[in-house]
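The values are calculated or read from the model by the stated rules, or taken from the named source; none is laboratory data. Just so you know, these numbers come straight off a predicted model, no measurement behind them. Note that we place each Cβ from the backbone using ideal geometry, even for glycine, and neighbour counts take in every protein chain shown. Ligands, DNA and RNA are stripped out before the accessible areas are found, and what is left, the full protein with its side chains, is counted by its heavy atoms. Shrake-Rupley method; radii C 1.70, N 1.55, O 1.52, S 1.80 Å.
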Amino acid sequence: MDKLVYTAATGLKAHMASQAAIANNMANASTIGFRADRVVFDRLQVSGSGFDTRTPASEEVVDADRRPGAVMQTGRPLDVAVSGDAWLTVQAPDGTEAYTRRGDLQIAPTGVLETGDGFPVMGSGGPITVPPAESIKISGDGSISIVPVGGDPSNPQVLDKLKLASPKGSDTVKGLDNLLHVRGGGVLPEDMDAKVQSGALEGSNVNMTQALVDMIENQRSYEVQANLMKSAKDMDESAASLMRMPS
């Protein structure tokens, strides 16, 4: 059997994985703060005897598109849009720090301030807990002020401050949980100059037009690999017919 079939099979597998990544981006086109996955194809060099006439392919989601999404005004006090390159610090399920641009904050029944997807928001001393209050406000520097139940509305109390981190100079990677992590572990330094916009949300940065174009191109490449497998099958059948004994 011609080894072309194995090369085509790796191409089919890579394009199927790429199609899944593109579909995931399209599915999250309306997810707050989502960063689109970036897919990269590469060649796998195989050393051995003979000519290098067959090069398998590989596919990997290496990073996320770091461009900001469009900011939408909501007027909700707990909605924040992080400005610039800073990221909002949250607590990952394993207890470590992770980072997100999702700013649709909410208060859990336990009083913990969480993102819309349920990750506790970190402050200067750990996860932020909000006591019962009549009102809550988030300032431009990330400071959280509340008016306690029965308190004076003209004298709000500063509860904590959102921890805003800067990824500049650090090796970061997007995880399967859609959070940004420091590669190999660790934490990002706090960005003391970072600002947030209260009453607004940053949308997904997925470009639906480009995603549709990528899906069509990926589908056509998949068809090319499928045709290569068919050609390998035809060549194998032709070689087998030459080896048949005459009747």
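So here's what we get for this one:
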item: Simple Cβ-charge dipole of the chain, Lys/Arg +1 and Asp/Glu -1, about Cα centre, in debye nearest 20; result: 460 debye
item: Prolate/oblate/rounded label for segment 121-247 (Cα gyration tensor, a/c 1.5); result: prolate
item: Over the chain: helical MRE at 222 nm, DSSP H runs n ≥ 4 each giving -39500 (n - 2.57), nearest 500; result: -8500 deg cm²/dmol
item: In degrees, nearest ten, helix 208-242 long axis to first principal axis of the chain (Cα); result: 20 degrees
item: Heavy-atom SASA rank of ARG67, ARG38 (probe 1.4 Å, accessible area, largest first); result: ARG67, ARG38
item: Within segment 160-247: Cβ-based charge dipole about Cα centre, in debye rounded to nearest 20 (Lys, Arg +1; Asp, Glu -1); result: 120 debye
item: Rough spin-label spacing in nm, given labels placed 7 Å along Cα→Cβ, for LYS13 and GLN73; result: 5.2 nm
item: Nearest 10 degrees, 0 to 90: helix 4-27 Cα axis against the chain principal axis; result: 20 degrees
item: Three-way shape call for the chain based on the alpha-carbon gyration tensor, with the a/c threshold at 1.5; result: prolate
